[in-house]
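Reading through the structure tokens given below for one structure.
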Amino acid sequence: MQAVTIQRRIESLPTLSRSGKRVNGLHRLMRSPRLFEWAYEKVSRNKGALTPGVDGKTFDGMSLEKLADIARRVADGSYRFRPVRRVYIPKDNGKARPLGIPTVEDRLVQEAVRILLEAIYEPVFLNESHGFRPGRSCHTALKLIKKSWTGCKWLVEVDVRGFFDNIDHDILLGLLRKRIDDDKFIGLIEGMLKAGYMEGWVYGRTYSGTPQGGVVSPLLANIYLHELDQHMQMMKADFDKGRERRPFPRYVALERRVLSLRRKIERLRAEGADRAKIDAAFAEIKAINKERRKVPSVDPMDPNFKRLRYCRYADDFLIGVIGSKREACEIMACVERFLTETLKLTVSPEKSGIHAASKGLTFLSYRISTYTSYGAGRKSSRKGPVGRTWRVMRRPTTGNVSLRVPRKEVTKFCKQHGYGDLAKKTGSPREQFLVTSDVATVLAYNSEFRGFANYHSFADDIKSALGLLELVVFRSLVKTLAMRHRTTRARTMARLWKGTDYEVSSVVRGKLRASSCGD
């Protein structure tokens, strides 16, 4: 099959998927060596491309002939997935997460499967899903929350225990059959799911789950939880109520009083009354407006106005509720029931709960909460007829979403890298950099800190939250360089100071390049 034909066929898959038709002919596409060439171009550039599977092979030595042989074996049905090599990576809570590393050939087949599945499912995934999708990330999820969750009263957190290890194979294959009419292609995915794992050269069967580390596993997880996304969409349609909140009675009364006073002023002016009476009316209006800005314009607890918000990143999802706590409890119970009965997943009660939005919770390593401004407000321009413009005082908003850097995340990052003690504002030397050059050490420090800072760049308190960490990181760098050169910190800082900043210099391609210490 020609490359142009394959490309045209793949490009037609989104349209078929949107129309609701079941897609067929996918296994025929898997027979093309060209599809595996595209898969190789994608997978070989990944960070773990040189990590071997159970056969000990890497992408070194891969050729067009070998890719064609893989396509031939897939076409005639003789291809068999090998067990993944299981390793464990540490988690933040001290436990370990199992990671399955497929063989090179299995990674290529999985990538070919992923290319086709993504073309089918990406057009139908909902906007609330942000994990492992092109053009989406943790930041897009947080941006959605920041923009559209204003006014939430309750935040519902539901934690799925061991999600990737407990995906039900039968349910997943059934979900795939809803959109794919190709038994051979489904059978290929089933063979991947049931390939098993090798741990300490002991084979283990896989009765559930998708191996974390597999190329196609994140997409299969999204397909599985797409059912939850659709369920939440239906819950939202049933829950949402009212177009806008009802006016707050006290605010309406004050507004009517101001209107009455303005009419009184017009009447006094028409009658030619004393200036003192008019000024007294203006003074009363000013006092009422000051009181009115302290009162909400609409009823924040209006029972006839309700909203349900939802956001998911992989298996981490958050629900926002504008309503009563009783309703938030009912929503949480409904979601837990759906996860348990429909998707056969286990909910972790110790990590799930309902939180007042004003107190907040941690989601995607951000502290999410709501706040109300109690200041006098801010002035803005308001245009009127015939080009006139007034400067008016805008009342402060309520229920704004705040994204902050959790203190424990800063502390954990500092401790993991061995920078020093945040509480005492002291830095510690790092022995692994005693054998590297000054430039390499500075660049490594900058890269670590920049990565952490960039991830938390959406936080409202980014400067204040990371200011202390930046100080400790700099002091750790100075101590490390001082220990490497067997000198004092004062002399090291004097050597690094270049008049406006602390820098180290190096020659790159014949040109002098300066690297800032703490860039």
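Every number here is computed from the coordinates shown, using simple stated rules; none is lab data. Predicted, not measured: the structure shown is a model, and the values here were computed from it. A quick note on method: Cβ atoms are made from the backbone with ideal geometry, for glycine too, and the neighbour counts reach across all protein chains shown.
Using Cα atoms only, what is the angle between the long axis of helix 183-193 and the major principal axis of the chain, expressed in degrees (0 to 90) to the nearest 10?
That helix lies at roughly 90 degrees to the long axis.
On C-alpha positions alone, give me the angle between the axis of helix 275-292 and the longest principal axis of the chain, in degrees, nearest 10.
With rounding to tens, the tilt is 30 degrees.
Could you check the spin-label model distance between Thr397 and Arg246? Points 7 Å from the Cα along Cα→Cβ, value in nm.
2.6
So I have (1) 219; (2) 165; (3) 264, and one of them is volume of the Cα convex hull per residue in Å³ calculated from this model. Which one is it?
The listed entry that was calculated here is (3).
Got a sec? Which residues in the range 472-502 would a label at Leu443 touch, if it sits 7 Å along Cα→Cβ and we count backbone N under 17 Å?
Of the residues in the range 472-502, none has backbone N under 17 Å from the label point off Leu443.
Could you pull out the pairs from Lys95/Lys408; Lys21/Lys66; Lys325/Lys351 whose alpha carbons sit more than 25 Å apart here?
Lys21/Lys66
Check each of the trypsin sites (Lys or Arg not before Pro) in the range 1-36 and keep only those in coil by DSSP with at most 11 other C-beta atoms within 10 angstrom; list them in order.
Numbers: sites: Arg8, Arg9, Arg18, Lys21, Arg22, Arg28, Arg31, Arg34; in loops: Lys21, Arg22, Arg31.
Answer in residue order: Lys21.
Could you name the aspartates and glutamates whose alpha carbon sits less than 13 Å from that of Lys178, not counting residues in the same chain fewer than 8 places away?
By straight Cα distance, Lys178 reaches Asp170, Glu227.
Please identify the trypsin sites (Lys or Arg not before Pro) of the range 175-229 that satisfy two criteria: DSSP loop assignment and at most 14 other Cβ atoms within 10 Å. Which are they?
Lys194, Arg205
For the range 234-337, run through the GluC sites (Glu not before Pro) and keep only the ones in DSSP coil with at most 13 other Cβ atoms within 10 Å of their Cβ. Show your work: numbers first, answer last.
On the way: sites: Glu244, Glu255, Glu266, Glu271, Glu284, Glu291, Glu327, Glu330, Glu336; in loops: Glu244.
Here the GluC sites (Glu not before Pro) that fit, given the DSSP loop and packing criteria, are Glu244.
Can you tell me the orientation of helix 33-43 relative to the chain, as the angle in degrees between its alpha-carbon axis and the longest Cα principal axis, to the nearest 10?
60
Cross-link partners among lysines for Lys294, C-alpha distance below 19 Å, same-chain residues fewer than 8 apart left out?
Lys286, Lys379
Any chance you could run the full-extension gain for Lys42 through Trp497? It's 0.36 nm times the residue separation minus the Cα-Cα distance, nm to one decimal.
Values: separation 455, 0.36 × 455 = 163.80 nm, distance 4.41 nm.
Extra length from Lys42 to Trp497 when fully extended: 159.4 nm.
State the extension gain, in nm to one decimal, for the chain segment bounded by Asp279 and Val124, taking 0.36 nm per residue of separation less the distance between their alpha-carbons.
Between Asp279 and Val124, full extension yields 49.4 nm more.
Taking a quarter of the surface of the convex hull around the Cα atoms of the range 235-389, what do you get in nm²?
Numbers: hull surface 57.7 nm².
Reported value for the Cα convex hull: 14.4 nm².
Please compute the length gained on full extension between Ile462 and Arg326, using 0.36 nm multiplied by the number of residues separating them and subtracting their Cα-Cα distance.
Values: separation 136, 0.36 × 136 = 48.96 nm, distance 3.49 nm.
My answer for the length gained is 45.5 nm.
So what is the relative contact order of the chain, in percent, for Cα pairs below 8 Å that sit 6 or more residues apart?
Values: 759 pairs, mean separation 72.6, N = 519.
RCO, the chain: 14 percent.
Would you mind calculating the relative contact order of the range 120-235 from Cα pairs under 8 angstrom and at least 6 residues apart, reporting the percent as a whole number? Write down the numbers at each step before the final one.
On the way: 80 pairs, mean separation 34.2, N = 116.
Relative contact order of the range 120-235: 30 percent.
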